[in-house]
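Computed from the coordinates by the stated procedures, all read-outs in this text should not be read as laboratory data. Just so you know, these numbers come straight off a predicted model, no measurement behind them. Quick reminder, even Gly has a Cβ in these numbers, built from the backbone with ideal geometry, and neighbours come from all protein chains shown.
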Amino acid sequence: MDRILFMQSTNFEFLRPTNDVLANLGGLAEAVLHIDPGSALTRLRSFAEELTKAIYKEELLPRVPQASFFELVKDPVFEACVDKSLIHQINFLRIQGNDIAGVPGLNKMERSC
């Protein structure tokens with residue numbers, strides 16, 4: 001069966017051979033950036049979450065199956081594996097995306113950490 005390309009992008013196509021989901025999320029964020037920046041930010045939050053899950057999978061890191069995005073990023077196993085600057089960037093997208101999306105049920109620590 002042929003692979004269907006969902007959304008081609010300028011900056012994320014290099015990811016497609018190994019991670020279609022990341023390439024598609026990045027392409028969607030690019031496509032709506034100038035039309036709806038808030039929507040682009042929520043897509044980038046999803047991108048950051050999928051990136052985090054991909055790192056867990058690639059590095060064979062142990063994880064709780066139903067862990068939230070916040071729990072995955074704050075896990076000491078993840079923090080020991082990933083450079084702090086990447087964690088800061090992931091957290092920035094997580095927090096900003098949550099604020100834009102108005103994600104209900106987040107406590108104050110999950111919103112700001």
Item to complete: Fewest Cβ neighbours within 10 Å first, please rank R45, R16, R63 accordingly.
Response: R63, R16, R45
Fill in: Estimated distance in nm for a label pair at T18 and S68, the labels positioned 7 Å out from Cα along Cα-to-Cβ
3.0
Item to complete: Would you mind classifying the range 13-112 by shape? Square roots of the alpha carbon gyration tensor eigenvalues, ordered a ≥ b ≥ c; an a/c under 1.5 is rounded, otherwise it is prolate if a/b is larger than b/c and oblate if not.
Response: oblate
